[in-house]
1. Which is more than 25 Å from LYS315 (Cα to Cα), open to solvent by 20 Å² or more (accessible area, probe 1.4 Å) and β-branched (Val, Ile, Thr), of ILE202, ILE188?
2. Name the single residue that is surrounded by the fewest Cβ atoms within 10 Å (Cβ to Cβ) among those in the range 117-141 being touching a Phe, Trp or Tyr at 6+ places or on another chain (Cβ under 8 Å) and more than 18 Å from ALA441 (Cβ to Cβ).
3. Tell me, which residue of the range 142-157 that is free of Cβ contacts under 8 Å to residues at least 60 places away in the same chain and charged (D, E, K, R) is surrounded by the most Cβ atoms within 10 Å (Cβ to Cβ)?
4. Test of understanding: among ASP233, ASP239, which residue is in a loop (DSSP other than H, G, I, E, B) and buried (at least 21 other Cβ atoms within 10 Å of the Cβ)?
5. Among the residues of the range 61-76, which ones are over 20 Å from VAL104 (Cα atoms) and crowded, with 17+ Cβ neighbours inside 10 Å?
6. Restricting to the range 218-228, name every residue that is surrounded by 15 or more Cβ atoms within 10 Å (Cβ to Cβ) and among the small types (Gly, Ala, Ser).
7. Can you tell me which residues in the range 77-116 are in contact (Cβ under 8 Å) with a residue 12 or more places away in the chain and surrounded by fewer than 15 Cβ atoms within 10 Å (Cβ to Cβ)?
8. Considering only the range 373-381, I want to know if a residue exists there that is at positive phi and over 34 Å from the mean Cα position of the chain (by Cα).
Amino acid sequence: MSQLRAAAAAAGGLRRSGPRAAPLARRSRKGASLHKAPAPAPPYSRHLFSDPAEIEALRGDLLAWYDRCKRDLPWRTRAATEPDADRRAYAVWVSEIMLQQTQVATVIDYYNRWMQKWPTLQALAQASLEEVNELWAGLGYYSRGKRLQEAAKKVVSELAARMPRTAEDLQKLLPGVGRYTAGAIASISYGQATGVVDGNVIRVLCRLRCIGADSSSPAVIDRLWDMANALVDRNRPGDFNQALMELGATVCVPKAPLCGECPVKQHCRARLRKLLGKPTPVPDVEDCGAGGCPLCPPAAEPWDSSLGVTNFPRKAAKKQARVARAATCVLERRGCHRAPEYLIVQRPSSGLLAGLWEFPSLPQAQDLQEEKQREALAEHLQAWIGQPVVAGDLQLIGEVVHIFSHIHQTYVVYSLSVDGDVTLDPASSPSRWVTEEEFHASAVSTAMKKV
């Protein structure tokens, strides 16, 4: 059994195995071996937590710090005060989905409005996707809200409104719930002793144990999950997981970490390496398999003393974002009381920005001349409003750039005013005229608000 498994067994109350627990190898009278020698530890074992005493000390130091310094966040208050297990899990679930790829400061207002509007699973299950998209507008990664509502409907209709009680069942039964979200809900809501690994936890663990291999690789992620499950406090798993994430969010930050304020700095091998100024890894590379350790930094990327602990973690180079262009028209008419109204149309129910509303837009080739761009957009608009549109009447306003996670999107923005009553083609996708106030209250993306 590896040192990690031995530490996990000791921490979790399991019977420990290994060289000390196994009887010495004996031979029969004929000289045959009755017991095999224990398998050698894997080359990466020196990067793991193998000392039960150190694990207990780290848990105590981290939880004491968390009790003193944790941020006052609405989802934490609900998790600590809500007596109903299903409501408690729902409240944690909503926060975890919103916090994916989004900063805490941005999420707080969205979370409060969401929980005020849909305080229970049943309330969310009865909402429309349009309502969900309207509240989610501006939060980004819009498919998260859609999957959250779909899963809520499933819990109500198929599980009698009872949330699954383990990380394994949460991940298996709820669409959109992955390994991290399931672990967070189960540990915080139900006290299941299961670890979590998110971006903050990856950074903390990689620094604590000088893990310099690509932190996004499956092999490294598997080791980090093993480590998180071994470290999690058995009595306060939810608090421990939140403390580990809190440490990464507020102290062990990507750049300029506050190492002097870190409650677990005495356990941090990256900090020790910085203090010693060693050019070789700590622990020594000889202890990591004579240079064959899959968790050490690649030989081509040695320790940079100017970076200190921020040498860790390391990630593979990001794929370059795809470049895309679209022609967009803000089509305006005079509505009741001569107030201006604008045409918005609904995007398809799948794909990027699924189900959201936007100004009529048309993807364009990168090298398309402006004259051809106008003609194509005019033809596109004509299909929406059912009357001829002269390309020369489109007024070029400028360009808007919006960066999605994987797309560098440029919108070439035109405007056009139309006279009289314009009848929209009912055969086309959903479309409607809105005032400026109604536009901002609709489920429109941040990119369209820029437009």
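The values are calculated or read from the model by the stated rules, or taken from the named source; none is laboratory data. Remember, it's a predicted structure, so these values are computed and weren't measured experimentally. When we count neighbours, we look across all protein chains shown, and the Cβ atoms used for this are built from the backbone with ideal geometry, even at glycine. All accessible areas refer to the heavy atoms of the entire protein, side chains included, with ligands and DNA or RNA removed. Shrake-Rupley method; radii C 1.70, N 1.55, O 1.52, S 1.80 Å.
1. One residue alone meets the criteria, ILE188.
2. So the residue we want is THR120.
3. Residue satisfying both the conditions and the ranking: ARG144.
4. Result: ASP233 is the single residue among ASP233, ASP239 that is in a loop (DSSP other than H, G, I, E, B) and buried (at least 21 other Cβ atoms within 10 Å of the Cβ).
5. The answer is ASP61, LEU62, LEU63.
6. ALA228
7. ALA85, GLN101, THR106, ASN112, ARG113
8. Among the residues of the range 373-381, not one is at positive phi and over 34 Å from the mean Cα position of the chain (by Cα), which makes the answer no.
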